[in-house]
Amino acid sequence: MYPATQKLAPADEANLVLDHVGQVNVFLVAGLLGPGGFLAPDGTPDMARLRAVLRERIAELPALRKRAAQVGRRHHWIESTPDVEHHVRLVEPVDGLAGLQNKCAELMGQPLAGDRPLWEILVVPGATARGTGVVVRIHHAVADGMTAAAIVQQLFDPGEPGEKGVDEPQRRGLAEAPRYGPGSGPRRTLRRLRIGLHRIRKTLWGRGVGGTVLLGERSAHHGVAFLRAEIEALESTVRPQGATVNDALLGSAAAGFRAALMAAGEPIPAWLPVSEPVALRRRGSAGNQVGVMLVRLPLGEPDPDERLRLIAAQTREEKPRARDQGTLEFMRGPIGARIMDRLARRQHLVGGFVTNVPGPEGTFRLAGAPVVALWPVAVLAGNVRLGVAAVSYAGNLCCGIHFDAANVHGDVFAQAMGEELARLGK
């Protein structure tokens, strides 16, 4: 259990810095629930029953029983009993899946209350004909994608067993995440120092992206679109080509970026660098233990299979290197995060974000109601106007596309990405 007060780990406090007006730094996952448990056959929710179940589970999750308070120049976690009536709420009905997408877009512009524990669970009627929607939001100061996924698994009931998560040869607990990087000692230290200095220079002065509609000041008009593709079908297509499901995700995102740029009337660049988080070996108490790799999407290559091959060749090298290097240098504390936050508003190092979190082996239930679908939504930060998030669930790769709807053709992006996922899944 957390003590009454505990200083935030530097990486967690860095994520507080990145939450401000115009940039809500939360992990968001949306789902569809079927009747059962706290949901009546007609989809009517019994909120008292849901809160009773979750109250017991929250008692076993210290991460959800703390709020961030400034103590001197730093922030500390303060023990705080959540008001479950506030944190677990019924919201206004929406109109089908499109309405749930719009609700998620709206929420990506609404910060969590800073004087409470930094999370909420919203029940959203109308998302399906006989069920309902659910949205879970957890601040990134509390958890990165891997940690948030573990929290969600503990809040929900286990459902049916299923296939292993995407790109996982065997299921690992968070403490057993793989460790990468050859050797140790002075040679490895010097190599990491050299790479670290190179990454700092790229963050400060890198210009891998020219002027484009994908970068710029963001409007307050968010858009969200959901996609799904069967993982087994994707694997059967891409594995013989030496690629992974994550490579297929990146290749499909490349198709989306090509289409969005064409719709904007822009020339297609040969390469578009994007940023993708990489899970690190879990150490210590920090909720954020994540590295980052840059992947250059070969937009200038018209053959999608060749694009996939070029992407796979990069990720085979870059993912182990990113894991060995550890947390991005500017995200190792609040001072660096403030510098990066200012730089990110005019950066031209990356043109988009892509993130992929392994999901559970099987399915979930929420207080007895089956979770029949699940989608994550990525944070948009700095001047980036489009990001893709994915999670494996119930045998599917579930993708959420988050975009600045006033500046980017997100619907065109989603259609092209969906078509490429479907092609790869045949």
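The values are calculated or read from the model by the stated rules, or taken from the named source; none is laboratory data. Just so you know, these numbers come straight off a predicted model, no measurement behind them. Cβ placement follows ideal geometry from the backbone for every residue including glycine, while neighbour counts extend to all protein chains displayed.
Before moving on, here are some points about what is shown:
- Gly126 being buried (at least 22 other Cβ atoms within 10 Å of the Cβ) and modelled with pLDDT of 95 or more: no
- Residue under evaluation Glu60, criteria (1) surrounded by 15 or more Cβ atoms within 10 Å (Cβ to Cβ); (2) closer than 30 Å to Gly368 by Cα, criterion not met: (1)
- Yes/no for Glu85 being of a type outside the set (Gly, Ala, Ser) and free of Cβ contacts under 8 Å to residues at least 40 places away in the same chain: yes
- Leu424 vs. criteria aliphatic (A, V, I, L, M) and either assigned by TED's automatic domain parsing to the domain that holds Val136 or out of contact with any Lys or Arg (no Cβ under 9 Å at 6 or more places or on another chain) (or both): yes
- Complete set of residues in the range 399-413 that are within 18 Å of Lys103 (Cβ to Cβ) and surrounded by fewer than 24 Cβ atoms within 10 Å (Cβ to Cβ): Asp404, Ala405, Gly410, Asp411
- Set Gln314, Gln347: member being among the polar types (S, T, N, Q) and surrounded by 19 or more Cβ atoms within 10 Å (Cβ to Cβ): Gln347
- Flag for Arg73 being at pLDDT below 95 and of a type in the set (Lys, Arg): yes
- Residues that are touching a residue at least 60 places away in the same chain (Cβ under 8 Å), over 17 Å from Ala14 (Cα atoms) and in a strand (DSSP E or B) do occur in the range 296-315.
- Filter pass, Ala229 being more than 21 Å from Val295 (Cα to Cα) and in contact with a Leu (Cβ under 7 Å, 6 or more places away or on another chain): yes
- Looking at Leu33, Leu64, Leu50, Leu28, just one residue is touching a strand residue (DSSP E or B) at 6+ places or on another chain (Cβ under 6 Å), under 13 Å from Val123 (Cβ atoms) and modelled with pLDDT of 95 or more, and that residue is Leu33.
- Selection of the range 378-392 for residues being in contact with a Leu (Cβ under 7 Å, 6 or more places away or on another chain) and either over 14 Å from Leu249 (Cβ atoms) or surrounded by fewer than 21 Cβ atoms within 10 Å (Cβ to Cβ) (or both) yields Ala381, Asn383, Val384, Arg385, Leu386.
- Complete set of residues in the range 203-248 that are in a helix (DSSP H, G or I), charged (D, E, K, R) and more than 19 Å from Ala416 (Cα to Cα): Glu232, Glu235, Arg239
- Residue ID - surrounded by the most Cβ atoms within 10 Å (Cβ to Cβ), chosen from residues in the range 275-305 that are farther than 23 Å from His139 by Cα and of a type in the set (A, V, I, L, M): Leu297
- Leading residue by the ranking (surrounded by the fewest Cβ atoms within 10 Å (Cβ to Cβ)) among those in the range 69-88 that are more than 22 Å from Asp12 (Cα to Cα) and in contact with a helix residue (DSSP H, G or I) (Cβ under 8 Å, 6 or more places away or on another chain): Glu85
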